[in-house]
1. Once the cut-off is 17 Å, how many percent of the Cα-Cα pairs in the range 265-349 end up in the long-distance tail?
2. With both bridge residues required to lie in the range 1-87, what share of the DSSP beta bridges run antiparallel, to the nearest 5%?
3. Identify, among GLY309, LEU62, ILE213, the residue whose Cα sits farthest towards the positive end of the charge dipole of the chain, taking +1 on the Cβ of Lys and Arg and -1 on the Cβ of Asp and Glu, with the dipole about the Cα centre.
4. Given all pairs of different Cα atoms, what value in angstroms does the Kirkwood hydrodynamic radius of the chain take?
5. I need to check one value: relative contact order of the chain, counting alpha carbon pairs closer than 8 Å and at least 6 residues apart, in percent.
6. If each DSSP helix of 4+ residues adds -39,500 (n - 2.57) and the sum is divided by the residues in the chain, what number results at 222 nm, nearest 500 deg cm²/dmol?
7. Decide, for the range 204-350, between rounded, prolate and oblate: order the square roots of the alpha carbon gyration tensor eigenvalues as a ≥ b ≥ c, take rounded if a/c falls under 1.5, and otherwise choose prolate if a/b is larger than b/c, else oblate.
8. Please give the per residue accessible area of the range 13-81, computed with a probe of 1.4 Å over protein heavy atoms only, in Å².
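The values are calculated or read from the model by the stated rules, or taken from the named source; none is laboratory data. Given the structure is predicted, the values throughout are model-derived calculations rather than measurements. Because the Cβ atoms are built from the backbone with ideal geometry, glycine has one as well, and the counts that use them run over all protein chains shown. These accessible areas exclude ligands, DNA and RNA; they are computed on the full protein's heavy atoms, side chains included. Shrake-Rupley method; radii C 1.70, N 1.55, O 1.52, S 1.80 Å.
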Amino acid sequence: MPTVRVAVIPGDGIGPEVVNEAVRVLGACARVEPELRLEYRYFDWGCDYYLAHRAMMPDDGLEQLRGFDAVFLGAVGAPSVPDHVSLWGLLLPIRRGFDQYVNLRPTRLWPGVEGPLRRFGPGDIDFVVVRENSEGEYSNMGGRLRPHTSQEVVVQNAVFTRFGVERIVRYAFQLAERRRSHVTGATKSNGINFSMPFWDEVFNEVGEEYPHIRRELVHVDALAARFITNPDRLDVVVGSNLFGDILTDIGAAISGSIGMGAAANLNPDRRFPSMFEPVHGSAPDIVGKGVANPVGQILTAKMMMDFLGYPRAGRAIEEAVTATLTAGIKTRDVGGTAKTYEVTDAIVGYIGALPLEPLA
Ligand SMILES: NC(=O)c1ccc[n+]([C@@H]2O[C@H](COP(=O)([O-])OP(=O)(O)OC[C@H]3O[C@@H](n4cnc5c(N)ncnc54)[C@H](O)[C@@H]3O)[C@@H](O)[C@H]2O)c1
């Protein structure tokens, strides 16, 4: 088996703290994936890099990353750098430059974690949001005319292409085939009268190719409410860039803590590396305190293993996280008292104790 080359960008705030923990867990996975050889190269890009170089990464940053099998990122953002600079200077160029058109965010209430929804426990909340990640409302097209005058005009365009909508919707249907065969499309075709009827049309056209998958279109406002009232009626949710962005934050909230959320920016064609990063940000308010929840980053590592073709490592991580949380070993954001490293110690210990060859 060839060595898997991973570019690691720990980033800012708690990013380096949780990345270290996830790398420890990946090390433990060698036991269940004897063929797995991971080689890391670390990049110090982020807000400190920006303060020193006036750029979030070097000009040839994408070229440096291109040859890797995956990018494993912590979080980016610091109070000393405006958020739009850190986002548009690092994350978005990587997502766009490598055509990572799928933003995949599993939403799950894990055993041992109490969510904010009284009626729902573990097992009830288990769905995936597929967010379009390359166009739509975040297309960077528009401008300001006569800025800061009383005649100011601001235009922000949303761009929907047939190619872009078809490929994200198709990804969602293919994912549903491996899950519970149900796709919910987020729309707003009552109010947004060009792009959303088009979105619905493509959704239904692609859906026709998958007659065995149940499909429905739900207006995004009603869907946001359903995330709270009936998350158990969701399996795969597909949405445009903006709708997916908003819905996934509700998803993180109903899973108990944003620190639990894993995510991936995928280039499913595998022409470019995909990037794996947790849902949460750099959490400057808790940096250095040893209380950051490492589970989101660790489950992000699981997504990376699954995507790279090491499902036994992915299963081992999932089992170990379940066992650890069930045993009550969890950080304070999910009601526990454990330190970051103690959660990881338990996860690593569980993987170390797994019987060999149990996960074929
Ligand atoms: N993908 C990314 O890199 C990303 C995503 C979101 C925000 N950001 C950046 O992060 C910075 C802070 O943003 P924010 O405060 O809006 O969001 P945030 O996710 O960093 O923090 C929100 C709240 O959740 C808590 N939290 C986050 N992750 C946690 C974890 N693993 N364990 C325990 N608690 C956790 C924080 O302490 C904070 O109270 C900003 O600069 C923002 O731009 C980056």
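1. More than 17 Å apart: 52 percent of the Cα pairs in the range 265-349.
2. In the range 1-87, approximately 10 percent of DSSP beta bridges are antiparallel ones.
3. ILE213
4. Computed over Cα pairs of the chain, the Kirkwood hydrodynamic radius comes out at 21.2 Å.
5. 23 percent
6. -11500 deg cm²/dmol
7. The shape class here is prolate.
8. Here the residues of the range 13-81 average 45 Å² of exposed surface.
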